[in-house]
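No value in this document is a laboratory result; all are computed from the given coordinates. Note that this is a predicted model, so its numbers are computed, not measured. Neighbour counts run over all protein chains shown; Cβ positions are idealised from the backbone, glycine included.
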Amino acid sequence: MNLYRSISTVFAASGLLLLCTLAPLPAQEVWVGDGNPDPNWSNGANWQDGSAPVSNADLHFQGSNQTTNNNDYTPTGYSIGSLTFDSNAAAFTLQGNPIIFFDNQANTITNNSTNTQTLAFSDLPSMVYRGVSSANDLVDLTIDAASGDINVTANVGLVKFQVQRVGI
């Protein structure tokens, strides 16, 4: 192997590594529900890492603590990257203020649990954002009932969505 090829390989690998580190991954927040009796999303004790999730996080719900919980973030909608019910999730009911998806995130709602999950988010009085909404012109949202049903009792802002149902 010649020196030129070795140096080129090192620079190419360094460039790839740099690209990988420049593209931040969304935070993954896991609900453990340990903030009893406070079921609010803003209570850090309810999340595995001990802090409340930041905007655009990928939210995971698991276990059986405080399965009826409340998105108490801003009434103008809380942006998330994805919403996943892990395989060990009991039957959850998520309620409270709307959740909003943006086009630069995963934009999925997935149920990997055999239990039925319920999304019961509220609408804004102005009806700009419904219970599950999009904040950009067009967002592809995938709702995947991979292992169990997803009961959406919240309004879905279909005006700005393309909804793809998988496994429903």
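May I ask you to derive the FRET efficiency for Thr114 and Gln48 from their Cβ-Cβ distance with R0 = 25 Å, giving the value to the nearest 0.05? Walk me through the numbers before you get to the answer.
Working: r = 22 Å, r/R0 = 0.88.
Plugging the Cβ-Cβ distance into 1/(1 + (r/R0)^6) gives 0.70.
Please give the length that would be gained between Ala90 and Ser55 if that part of the chain were fully extended, namely 0.36 nm times their separation in residues minus their C-alpha to C-alpha distance (nm, one decimal).
Stretched out fully, the Ala90 to Ser55 stretch lengthens by 10.1 nm.
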